[in-house]
Amino acid sequence: MKILIIEDEYSLADAISETLQKEKFGVNIITNGEDGENEALTNIYDLILLDVMLPKKDGFEILANLRKEKVDIPVIMLTAKSEISDKLNGLENGADDYITKPFHMRELIARVKVILKRKTNIQDTNVLEYSDLKLDLVTCKMSVNGSEITINGKELDLLEILLVNKNQIVNREILANKIWGYNSETEYNNVEVYVSFLRKKLKLLKSKVKIKAVRGIGYKLEDENN
Ligand code: CA
């Protein structure tokens, strides 16, 4: 489980990071809003801890942009007491939870675990779905309205990663690294090749799902009706 901390108070960010690492979470800290948003949009995290008052871009703007890009990753806002009253409405724009500073690390960990558990329970299934597309990870069959094709190897890996991260852009470097491991530069081409294989299969199954290329970043599943 990997957590992104977007927080400009170094000492607080470090303390949170240390606590999370003791709980065996992977952690990355970004200390300004602009880079934080970019990181959240281009890399894969299980949860984001998002401060409100940040240099360059504030937490509410980042949250709004993440949700606009349909990134449905859980977000816990870290807010100072004074910011709550007028921002509560903003939190309804898609934060999963918020925690008021100062807080006990114990409380933060508890909330992180509750939210991750909720997320994992939802995904605790062998069948991944998006729009009319289903992927059964046990039988390795991708299916649309009852028609099915067996896929395997790297095609299966690729589709699984895209489905697990449906609604967000998956960075092509991350795709290449997850599927081929950290290696040479040729792998971006490999990603493209396998994306084209999957596109053919989606077309064959007459799926509404498209694999959209986001120039310079990566790929994202899209429903042609949206
Ligand atoms: Ca701050």
Check your understanding: When you take every Cα atom in the range 134-226, what is the radius of gyration, and what is Dmax, the widest Cα pair distance, in Å?
Key -> 12.7, 39
Exercise for review: For the chain, find the longest principal axis of its Cα atoms and tell me its angle to the long axis of helix 33-42, 0 to 90°, nearest 10.
Suggested key: 20 degrees
Review point. Helix 153-164 versus the longest principal axis of the chain: what is the Cα-based angle in degrees, 0 to 90, to the nearest 10?
Key: 40 degrees
Exercise for review: Provide the gained length on full extension for the span Glu39 to Ala64, in nm with one decimal, where the gain is 0.36 nm per separating residue minus the Cα-Cα distance.
Suggested key: 7.5 nm
**Study point:** Volume per residue that the Cα convex hull of the chain spans, once the total is divided by residue count, Å³
**Key:** 135 Å³
Revision key, fill the gap. Of all DSSP beta bridges with both partners in the chain, the antiparallel percent, nearest 5, is 55 percent
Practice item. Please report Asp51, Asp46 as a ranked list, fewest other C-beta atoms within 10 angstrom at the top and most at the bottom. Key: Asp46, Asp51
Revision key, fill the gap. For the chain, whose charge dipole is built from +1 on Lys and Arg Cβ atoms and -1 on Asp and Glu Cβ atoms, the candidate among Leu221, Ile30, Thr79 with its Cα farthest towards the positive end is Leu221
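Would you mind ranking Val75, Val144, Val191 so that the residue whose beta carbon has the fewest other beta carbons within 10 Å leads the list? Before the final figure, lay out the partial values.
Numbers: Val75 26, Val144 19, Val191 22.
Starting with the residue having the fewest Cβ neighbours, the order is Val144, Val191, Val75.
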Study note, to complete from the structure: Going from the fewest other Cβ atoms within 10 Å to the most, one would list Glu155, Glu39 as Glu39, Glu155
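Where a number appears in this text, it was derived from the coordinates with a stated rule and is not lab data. What you see is a predicted model; the values in this text were computed from it and never measured. We place every Cβ from the backbone using ideal geometry, glycine too, and count neighbours over all the protein chains shown.
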